[in-house]
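*Asks:* Here you go, one structure.
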Amino acid sequence: MTDSKKAPARPALKAIRGTRDLLPDQTPLWNHVETIARNLFARYGFGEIRTPVLEATELFARGVGEETDIVSKEMFTWEDRARAAGEGARSPESKAQLLTLRPENTAGVVRAYIEHQMANSGALRKLYYIGPQFRRERPQRGRYRQFWQIGAEVIGPPSSGSESPLRDAEILEMLASFLDELGVRGWRLELNSVGSSQDRVHYNEVLRAALQPIGSRLCADCQRRAVTNPLRVLDCKVPEDQALIGALPRIADHISADSQAHFDAVRAALEACGVPHHLNPRLVRGLDYYTRTTFEFTVATGLGTQNALLGGGRYDGLSEMLGGPRSPGIGFAIGEDRLILTLQAQQEEDAKGSGTSPRELLDAYIAPLSRAQDPAALALAHELRSAGLRIEVGDGSFKLRKSFEIADGLARHIVLLGEDEANSEIYTVKAFSSGEQTRITRAKLAEALRGLQSSSTNFVQ
RNA sequence: GCGGCUAUAGUUCAGUGGCAGAACGCCGCUCUGUGGCAGCGGAUGUCGUGGGUUCGACCCCCACUGGCCGCCCCA
């Protein structure tokens, strides 16, 4: 640092802000969560759909809502260049298109539902997805710019029963089962009805009128919301505002009899299934397409202030907003990153005092005793792997001591492969758990290594 | 987008305006076909990036970038 070798500062390539790598010590838990979800959803008759990560910006502007925070300030949007002259463009003035990295997946699923004319079969469609979403927010625990959602949608023409309160209750019961099956403890379901789209328009006027005289006494954020999105005032957490907000007209008093009856039926079905839930008349969701039933599952451990694990609701008018046929629907999105954080926090709680958790081991480590044995070692590994075993191969340049150190903690057995073994095809095998060492013929090796295979899977890193 | 805290070895973290530290991990030897233990030895690094103050900056100041916490919002 004293002399003049100030090299040109190299940039150091790193994952960009708000994105991250999931390494092999993490991915087993992710796969576990996704496997549980896939199996469970299948039992409820859901099929998987995969939609593009890229959509036309207009889809979200119309679907999610121009005025929402997500659309107005959190999307990764850019102008895709018009086709260049050299690309054989027929029309030289083909316009550039606004594209957006999807900030959520419901709009994309409904777009696909319309595009593939799924309404025409007349059947109720049950679709689920697992994939990354993108929002340009300030990163924080449980909040990333690329984050993963596991979600599902139930949608269809009214004649398919898509409006039935039974669908709402079924979705909520499925989510409760999902969290229980994963072992998420202490979840809480909060439920509300924001009424039909007409109810919302009506209530918005009532609310705007009620806010008019008191607006100036609310916090700055609420004053802004009172104009742009009055419903969101109900979600305010500023202590000074609570008295005023509490006195505002309530949604429940301004929804139609139909909406009220629908909501009552949802709750009755939930009671019948024994799904615990709490009414929260001030639960308001930030996406414009929600109607009637809205809900949120929260959890106390692991997430700090981002305690919403998943959310969702009805969107009876979304298909029409996107130019499709009338097709009421209901869906949800689980924050997979947050779910993982919750599970990891629980595991840490559980691990307190119970020492370290074992990790999943390979079946055997093959240790060639000299470089001359390397080819034979790889051949043996191939043979055993073909037999379905999980095998790692060492290197003939390693000292035997080193091979043992590597093998222990990585595999359940070590197989020594030296000149004797190569000639005799009788291998020396040692089991780490017992310390027992035996000599086994090549023909019986796979079978011997398979014995004692641990069937329990472990996801603790 | 706003406010606060923070960035030193592979990891977790000490540290002082005057030669860069510990623990764990890693490598070697004791010990050339039998590891986990132990003893001895070794290497760690543009002290996040760029500027400024200073005789001298890892330390003080500013900016930038990243992370964390809170707000906003959401999953």
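The values are calculated or read from the model by the stated rules, or taken from the named source; none is laboratory data. All values derive from a computational prediction rather than experimental measurement. Quick reminder, even Gly has a Cβ in these numbers, built from the backbone with ideal geometry, and neighbours come from all protein chains shown. For the accessible areas, the whole protein counts, side chains as well, though only heavy atoms, and no ligand, DNA or RNA atoms are used. Shrake-Rupley method; radii C 1.70, N 1.55, O 1.52, S 1.80 Å.
*Asks:* If I ask for residues that are more than 10 Å from RNA strand B (Cβ to nearest atom) and not in a loop (DSSP other than H, G, I, E, B), which ones from the range A:383-402 would you list? Can you show your working first?
*Replies:* Filtering the range A:383-402 for residues more than 10 Å from RNA strand B (Cβ to nearest atom) gives A:383-396.
Selection gives A:E383, A:L384, A:R385, A:S386, A:I391, A:E392, A:V393.
*Asks:* If a residue has to be open to solvent by 10 Å² or more (accessible area, probe 1.4 Å), farther than 20 Å from A:G122 by Cβ and either in a loop (DSSP other than H, G, I, E, B) or in contact with a Ser or Thr (Cβ under 9 Å, 6 or more places away or on another chain) (or both) to count, how many in the range A:148-181 make the cut? Reasoning before the result, please.
*Replies:* First pass over the range A:148-181, keeping only residues open to solvent by 10 Å² or more (accessible area, probe 1.4 Å): A:148-149, A:157-161, A:163-167, A:170, A:173, A:177, A:180-181.
Retained after the next criterion (residues that are farther than 20 Å from A:G122 by Cβ): A:148-149, A:165, A:173, A:177, A:180-181.
Remaining after also requiring either in a loop (DSSP other than H, G, I, E, B) or in contact with a Ser or Thr (Cβ under 9 Å, 6 or more places away or on another chain) (or both): A:165.
Of the residues in the range A:148-181, 1 are open to solvent by 10 Å² or more (accessible area, probe 1.4 Å), farther than 20 Å from A:G122 by Cβ and either in a loop (DSSP other than H, G, I, E, B) or in contact with a Ser or Thr (Cβ under 9 Å, 6 or more places away or on another chain) (or both).
*Asks:* Being within 29 Å of A:I36 (Cα to Cα) and at pLDDT 95 or above: is that true of A:G329 here? Working first, answer last.
*Replies:* Working: within 29 Å of A:I36 (Cα to Cα): yes; at pLDDT 95 or above: yes.
In short, yes.
*Asks:* I'd like the full set of residues that are more than 20 Å from A:N280 (Cβ to Cβ) and in contact with a Gly (Cβ under 8 Å, 6 or more places away or on another chain), limited to the range A:205-255.
*Replies:* The answer is A:Q223, A:A226.
*Asks:* Looking only at the range A:368-412, which residues are within 20 Å of A:T441 (Cβ to Cβ) and touching a Ser or Thr at 6+ places or on another chain (Cβ under 9 Å)?
*Replies:* A:P368, A:L369, A:R412
*Asks:* Among the candidates A:R285, A:R267, A:R292, A:R250, which residue alone is in the same structural domain as A:L166 (by TED's automatic domain parsing) and modelled with pLDDT under 90? Let's see the steps before the verdict.
*Replies:* Working: A:R267 fails: modelled with pLDDT under 90; A:R292 fails: modelled with pLDDT under 90; A:R250 fails: in the same structural domain as A:L166 (by TED's automatic domain parsing).
Exactly one of A:R285, A:R267, A:R292, A:R250 is in the same structural domain as A:L166 (by TED's automatic domain parsing) and modelled with pLDDT under 90, namely A:R285.
*Asks:* Out of the range A:403-432, which residues are part of a strand (DSSP E or B) and not basic (K, R)?
*Replies:* A:D408, A:A411, A:H413, A:I414, A:V415, A:L416, A:L417, A:I426, A:Y427, A:T428, A:V429, A:A431
*Asks:* I would also like to ask the following. In this structure, does A:F134 turn out to be touching a residue at least 12 places away in the same chain (Cβ under 8 Å), open to solvent by less than 40 Å² (accessible area, probe 1.4 Å), in contact with a Phe, Trp or Tyr (Cβ under 7 Å, 6 or more places away or on another chain) and within 14 Å of RNA strand B (Cβ to nearest atom)? Before the answer, list the steps.
*Replies:* Details: touching a residue at least 12 places away in the same chain (Cβ under 8 Å): yes; open to solvent by less than 40 Å² (accessible area, probe 1.4 Å): yes; in contact with a Phe, Trp or Tyr (Cβ under 7 Å, 6 or more places away or on another chain): yes; within 14 Å of RNA strand B (Cβ to nearest atom): yes.
So A:F134 fits the description; yes.
*Asks:* Kindly provide the set of residues from the range A:63-103 that are at pLDDT 85 or above and on the phi > 0 side of the Ramachandran plot, ordered by number.
*Replies:* A:G65
*Asks:* How about the range A:38-65: which of its residues are touching a residue at least 60 places away in the same chain (Cβ under 8 Å) and within 14 Å of RNA strand B (Cβ to nearest atom)?
*Replies:* A:G63, A:V64, A:G65
*Asks:* Now for a separate question. For residues in the range A:403-420 being under 15 Å from A:L369 (Cα atoms) and within 6 Å of RNA strand B (Cβ to nearest atom), which is surrounded by the most Cβ atoms within 10 Å (Cβ to Cβ)? Please lay out each step first, then the result.
*Replies:* Let us first name the residues in the range A:403-420 that are under 15 Å from A:L369 (Cα atoms), namely A:403-407, A:414-420.
Restricting the remaining residues to those that are within 6 Å of RNA strand B (Cβ to nearest atom) gives A:404-405, A:416, A:418-420.
On the way: A:F404: 17, A:E405: 12, A:L416: 22, A:G418: 18, A:E419: 12, A:D420: 13.
That would be A:L416.
*Asks:* Sticking with this one: Is it true that some residue in the range A:353-369 is within 30 Å of A:R285 (Cβ to Cβ) and open to solvent by less than 50 Å² (accessible area, probe 1.4 Å)? Full working, then the answer.
*Replies:* We begin by selecting, within the range A:353-369, every residue within 30 Å of A:R285 (Cβ to Cβ); these are none.
No.
*Asks:* Just to be sure before I move on: is A:A300 open to solvent by 50 Å² or more (accessible area, probe 1.4 Å), without any contact (Cβ under 8 Å) to a residue 12 or more places away in the chain and of a type in the set (A, V, I, L, M, F, W, C) in the structure I sent? Outline the logic, then answer.
*Replies:* Working: open to solvent by 50 Å² or more (accessible area, probe 1.4 Å): yes; without any contact (Cβ under 8 Å) to a residue 12 or more places away in the chain: no; of a type in the set (A, V, I, L, M, F, W, C): yes.
It is false that A:A300 is open to solvent by 50 Å² or more (accessible area, probe 1.4 Å), without any contact (Cβ under 8 Å) to a residue 12 or more places away in the chain and of a type in the set (A, V, I, L, M, F, W, C).
*Asks:* Please determine, by comparing only the residues of the range A:318-345 that are more than 16 Å from RNA strand B (Cβ to nearest atom) and assigned to a helix (DSSP H, G or I), which one is least open to solvent (accessible area, probe 1.4 Å).
*Replies:* Taking the range A:318-345 and keeping what is more than 16 Å from RNA strand B (Cβ to nearest atom), we get A:319-328.
Add one more test, that the residue is assigned to a helix (DSSP H, G or I), and what stays is A:319-321.
Details: A:S319: 1, A:E320: 81, A:M321: 78 Å².
Here the residue is A:S319.
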